[in-house]
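Take a look at the structure set out below.
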Amino acid sequence: MWGTPSNGLEDKSAAQVQQDAAAAIRVAESVHVTGTSVTDDASAQVDLRIQDGSSSGTITSEGAQFEITRVGEVTYVKADEGALESLGIPPEMQRLGTGRWLKLAPQEASGLEGFSLDSFAQQLTTSESPLETEVEQTELDGVRVVVISTQDGSKLYIANMGPAYPIRGELKGANAGRIDFSEYDVDFQITAPQNSVELGELAWLDAITNLHAKIDEPFLPSEIQSHPGSNGLARKRAW
């Protein structure tokens, strides 16, 4: 049909395909993740590049946009005044922090650790909704893929040539949306922002708790996951 050799996923069970996809993204050098989710009529978007334990991109929730860069154990956040206000940052600290890179200590940023290749891999193998047994072959934007589905209609598209990289997740239900994976193994050259500032730890602990809540509901819904011992995909918290 395609004239080029496949990676054999079409001959495996849905559960095996799911495991292969998780293994492939875990060892990828990098990936670009973009997604949109709608929860309680509120939309949220993520656009994030991940490489070697670092990540950089934007997260938008309820009209507030945050730039986030994580390098090693240190996370930096930049936002406008309205976005900082939505986190509960005091007005005097908003004035100091608006439009500047704010450096967070590891304990302050502990709620933002879910954006990693390993976390995506783990989430791809943890599920509550049973997998359908059929593994479908098709094309997605000109790319040869296989598709595995859950009984709630969620789908995961995985490359059917080369590494079994996840390409797209389509989510149904309360956190309906889509997540796309692209630019695997590209060198994004993620570096720490220059001229960052540090704000008071206690204020940031509260603010990051609020930011984590904003991200967690729409985005860290794992897209397609499964609980150990089950053979399904489900929507839990993930990206």
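The values are calculated or read from the model by the stated rules, or taken from the named source; none is laboratory data. Source: prediction; values computed, not measured. Cβ: placed from backbone, ideal geometry, glycine included. Neighbour counts: every protein chain shown.
Structure summary
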{"item": "Qualifying residue in the stretch 183-194 (condition: within 25 Å of G82 (Cβ to Cβ), surrounded by fewer than 21 Cβ atoms within 10 Å (Cβ to Cβ) and modelled with pLDDT under 95)", "result": "yes"}
{"item": "Test: G88 is modelled with pLDDT under 80, surrounded by 15 or more Cβ atoms within 10 Å (Cβ to Cβ) and assigned to a loop (DSSP other than H, G, I, E, B)", "result": "no"}
{"item": "Any hit, the stretch 86-107, residues being touching a Phe, Trp or Tyr at 6+ places or on another chain (Cβ under 9 Å), more than 19 Å from N195 (Cβ to Cβ) and without any contact (Cβ under 8 Å) to a residue 40 or more places away in the chain", "result": "no"}
{"item": "Within the stretch 126-167, considering residues that are under 17 Å from V31 (Cα atoms) and of a type in the set (S, T, Y), the one surrounded by the fewest Cβ atoms within 10 Å (Cβ to Cβ)", "result": "Y165"}
{"item": "Failed item, numbered, when E108 is tested on (1) modelled with pLDDT of 95 or more; (2) among the acidic types (D, E); (3) crowded, with 21+ Cβ neighbours inside 10 Å", "result": "(1)"}
{"item": "Strands (runs of 3 or more DSSP E) wholly inside the stretch 116-185 containing at least 1 residues that are charged (D, E, K, R) and under 27 Å from V71 (Cβ atoms)", "result": "176-182"}
{"item": "Residues satisfying the stated conditions in the stretch 22-56, i.e. of a type in the set (S, T, Y) and modelled with pLDDT of 85 or more", "result": "S30, T34, T36, S54, S55, S56"}
{"item": "Of residues in the stretch 10-21 being crowded, with 21+ Cβ neighbours inside 10 Å and of a type in the set (A, V, I, L, M, F, W, C), the one farthest from D52 (Cα to Cα)", "result": "A14"}
{"item": "One residue from A22, A64, A44, A14 being in contact with a Pro (Cβ under 7 Å, 6 or more places away or on another chain) and more than 15 Å from E183 (Cβ to Cβ)", "result": "A44"}
